[in-house]
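Inspection log for the structure reproduced underneath, given as structure tokens.
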Amino acid sequence: MTALLEIRNLHAEIDGQKILNGLDLVVNKGEIHAIMGPNGAGKSTLSYVLAGKPGYEVTAGEALLNNVNIFEMSPDERAAKGLFLAFQYPLEIPGVATMTFLRTAVNAQRKKRGEEELSSPELIKRVREIAMKLGIDTEMLRRPVNVGFSGGEKKRNETLQMVLLQPTLCVLDETDSGLDIDALKVVANGVNQLRSPDRGMVVITHYQRLLDHIVPDVVHVLSAGRIARTGGKALALELEAMGYAQYQGEAA
Amino acid sequence: MNAEVRPMKTNAELALADIFAGAKRRLPGNDAVKAQRSGAFDDFMKSGLPHRRVEAWKYTDLRAIMRDAHPLAAPPSAEAKAKARSAGRALAHLRSRRMVIVDGAFAADLSDLVDLEAGVAIRSMAEALTSGDALISAYLGKVAPRDDASLTLNTALMGDGVVIHIAPGVTVERPIHLVFISTSDKPAAVFERSLVVVEPRAHLTLLETYEGPDESQYQVNTALELIVGDAARVDHLKMIAEGRAALHVATQLADIGQSATFNDFCFTTGGAVVRNQLFVRFKGQGAVADIRGVSLLAGRQHGDQTLVADHVAPGCESRETFKSVLDDEARAVFQGKINVHPGAQQTNARMMARALLLSSDAEADCKPELEIFADDVQCGHGSTTGKLNDEQKFYLMARGIPAREAEALLIQAFVGEVVEAIKNEGVKEALMNATLSWLR
């Protein structure tokens, strides 16, 4: 098995507050890993640190994506390397047309990888195809990025971007939060479409529900900034039944 | 002992007195105009250049800024006219009717005066002042009248410009583009004055562009008087792209008639110091005006947008939206005042100013004012000043968009919100292109 993502001894903090305390995680190509855990365990921090959000300081450790340490790269370079973060709260960007945004993103990544840029008609065609496959209303694409979108629509838009950009590593940060069952299925459908032997996924979630639709290979419990337990998909069901009580103490 | 209070004159004021004394005989105008000039100049000398203790000029101290008054620009040479041919390029794709004013003089040979549509009359201001044009005696100095020293100075020294008349009910299909260009490489001053009368039910799109060389410290004092007749419609766009060292002082006076529509947009990217003041008087019931502005400033540029909306008639609606993007040590000033006069019931007026600071040394000053003397009105104003949203920028970067490109997208979006409402697709395109080239 070839490792796609290797996180070693990751320590990270925000405003001097330690959130991640020696986290180790290896995601092999073709695998889906679920990361579960109580509130405050550091789940979202992990996703932001991987994507390179300003304000999140890595104080020790490294994260190798295809053997390259991504902590030395800017967020856009990480994206061009194949990292995709589906945001828990996708941002609204008034005044930026969704299509302009998608075209700029796709072509910025292609340019950085030395590939030829896509023409507007070609891009529109691709976006429409994906929207159709995912059951996304194309009317959404005519609006500015996420503006006036419901929670569900925003997550659908994230999924569309993910499928369009064809990343090698997808990190989904609580993608199920605030989703009704239909939207949940759209997201799961998108993720499942991307499943491939070359790709890996990290699905961060508080609830087991999403994992009925995106079936993980490995489940981890994150607590107090490190992986407290690792198991198969049965672990998710156990957590659903028992709650996080036994891990809360550790977090406190 | 009673000493007479005689304020000290600045070098610039003394120079202006010399310029007026030397030029008043040859400045265009019949006896009535000459009398108007002399009266205006006397008034100007009493007040002097406006300074920071004059509330309306608080943030743009013209007396301190204008260390010297430059001599009046020489009539344009053949070389100057050659430069003017390519002026106003930003709006070239609109296929408008060009009226070219070079170094303050109307250039008929560069202007498109052939095959004027029926009901459209255009002539040079200098000619109109000399011949005693009926429009001059009826309107000049009477549109939304204002006691302002820079305007008074313009009236004293006004050289040329255009006089446009659109007959009642005429829809002018081609926009009319006033192309103002300064070409002098030596310090020079121009005083331009234009009068545009759009009679009832007529429609006109009026464009203005201002430009000049970056190397020269020229001074522009320009004024436009505009009458929007009853049920008429005027869409006005002004682009200030003056040279880097230029001083641009502009006054725009507008009277809006009953049920008329007036859309105004001022787009500023050029000039060292720009003062653009608009005085809009809502004279007829049910008039609607949408007044917008965008200033994109960098270096040590100073851009002042001053607006007074006078609601005299009842049931009028005004929207004012101004935005500025400021880099380096640039400074933007927005002063907006809504006056609701007694009897102007059911006025609906809203004003908003937003500034985006790209640098910690940039500054935005915003002074909104409401003066309401009627009891059944809806008026509001707001202002915000902030920097680029880091969360939005991170979101864009997380999708692979490099930092600079992400910032450019967000700035375009900020500007785009004001431009979006423009109906004319060509104008919209021109402004977004101008924004893009500013970002480069």
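The values are calculated or read from the model by the stated rules, or taken from the named source; none is laboratory data. Since the model is a prediction, treat every value here as computed from it, not as a measurement. Here Cβ is always computed from backbone atoms with ideal geometry, including for glycine, and neighbour counts include all displayed protein chains.
If we keep just the residues of region A:178-188 that are touching a Gly at 6+ places or on another chain (Cβ under 8 Å) and surrounded by 14 or more Cβ atoms within 10 Å (Cβ to Cβ), which is nearest to A:Lys43 (Cα to Cα)?
Filtering first and then ranking leaves A:Gly178.
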Worksheet item: Out of (1) in contact (Cβ under 8 Å) with a residue 40 or more places away in the chain; (2) aliphatic (A, V, I, L, M); (3) crowded, with 18+ Cβ neighbours inside 10 Å, what's the single condition that is false for A:Val215?
Response: (3)
Item to complete: Filter region B:384-400 down to residues that are crowded, with 17+ Cβ neighbours inside 10 Å and of a type in the set (Gly, Ala, Ser) and give me whichever is nearest to A:Gln166 (Cα to Cα).
Response: B:Gly400
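How many residues are in a strand (DSSP E or B) and in contact with a Cys (Cβ under 9 Å, 6 or more places away or on another chain) if we restrict to region B:331-350? Steps first, answer last, please.
Restricting attention to region B:331-350, the residues satisfying the condition of being in a strand (DSSP E or B) are B:331-340, B:348-350.
Filter once more, so that each one left must be in contact with a Cys (Cβ under 9 Å, 6 or more places away or on another chain): B:332-336, B:338, B:340, B:348-350.
So the answer is 10.
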Worksheet, complete the sentence: Given the conditions (1) farther than 29 Å from B:Asp185 by Cβ; (2) touching a strand residue (DSSP E or B) at 6+ places or on another chain (Cβ under 8 Å), every one holds for B:Asp230 apart from (2)
Worksheet item: Which one is farthest from the other protein chains (Cβ to nearest Cβ) among residues in region A:39-59 that are in contact with a His (Cβ under 8 Å, 6 or more places away or on another chain) and not in a strand (DSSP E or B)?
Response: A:Asn39
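Just to be sure before I move on: is B:Gly29 free of Cβ contacts under 8 Å to residues at least 24 places away in the same chain and surrounded by 11 or more Cβ atoms within 10 Å (Cβ to Cβ) in the structure I sent?
Working: free of Cβ contacts under 8 Å to residues at least 24 places away in the same chain: no; surrounded by 11 or more Cβ atoms within 10 Å (Cβ to Cβ): yes.
So B:Gly29 fails the test.
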Worksheet item: Hey, any hits in region B:412-422 for a residue that's of a type in the set (A, V, I, L, M) and under 21 Å from A:Val106 (Cβ atoms)?
Response: yes
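Looking at A:Glu6, A:Glu62, which is the one that is more than 10 Å from every other protein chain (Cβ to nearest Cβ), among the charged types (D, E, K, R) and buried (at least 16 other Cβ atoms within 10 Å of the Cβ)?
When all the criteria are applied, what remains is A:Glu6.
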Worksheet, complete the sentence: Picked from region A:77-91 (must be assigned to a helix (DSSP H, G or I) and more than 7 Å from every other protein chain (Cβ to nearest Cβ)), the residue farthest from A:Thr104 (Cα to Cα) is A:Arg78
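With respect to B:Val197, determine if the residue is within 23 Å of B:Lys423 (Cα to Cα) and either among the β-branched types (Val, Ile, Thr) or touching a residue at least 40 places away in the same chain (Cβ under 8 Å) (or both). Please lay out each step first, then the result.
Working: within 23 Å of B:Lys423 (Cα to Cα): yes; either among the β-branched types (Val, Ile, Thr) or touching a residue at least 40 places away in the same chain (Cβ under 8 Å) (or both): yes.
So B:Val197 passes the test.
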Worksheet entry | Number of the exception - B:Ala272 against (1) surrounded by fewer than 24 Cβ atoms within 10 Å (Cβ to Cβ); (2) farther than 20 Å from B:Val325 by Cβ | (2)
Discussion item. I'd like to verify a number: residues in region A:95-127 that are free of Cβ contacts under 8 Å to residues at least 12 places away in the same chain, assigned to a helix (DSSP H, G or I) and away from every other protein chain (no Cβ under 14 Å), how many?
Written reply: 3
Response to the item:
Here the qualifying pairs (Cβ atoms under 7 Å; residues six or more apart or on different chains; first in region B:55-66 and without any contact (Cβ under 8 Å) to a residue 12 or more places away in the chain; second surrounded by fewer than 18 Cβ atoms within 10 Å (Cβ to Cβ) and of a type in the set (D, E, K, R)) come out as B:Asp61/B:Arg52
Worksheet item: Is region B:28-40 home to any residue that is under 27 Å from B:Glu211 (Cβ atoms) and among the hydrophobic types (A, V, I, L, M, F, W, C)?
Response: no
Fill in: Any hit, region B:177-189, residues being more than 23 Å from B:Ala82 (Cβ to Cβ), surrounded by 23 or more Cβ atoms within 10 Å (Cβ to Cβ) and at pLDDT 95 or above
no
Worksheet item: Any chance region A:109-118 includes a residue that's within 28 Å of A:Asp198 (Cβ to Cβ), touching a helix residue (DSSP H, G or I) at 6+ places or on another chain (Cβ under 8 Å) and crowded, with 20+ Cβ neighbours inside 10 Å?
Response: yes
Item to complete: Among the residues of region B:237-265, write down those that are more than 19 Å from B:Ala87 (Cα to Cα) and not in a strand (DSSP E or B).
Response: B:Gly257, B:Gln258, B:Ser259, B:Ala260
Fill in: Residue among A:Ile32, A:Ile19, A:Ile70 that is surrounded by 19 or more Cβ atoms within 10 Å (Cβ to Cβ), within 14 Å of chain B (Cβ to nearest Cβ), modelled with pLDDT of 95 or more and farther than 30 Å from A:Pro144 by Cα
A:Ile70
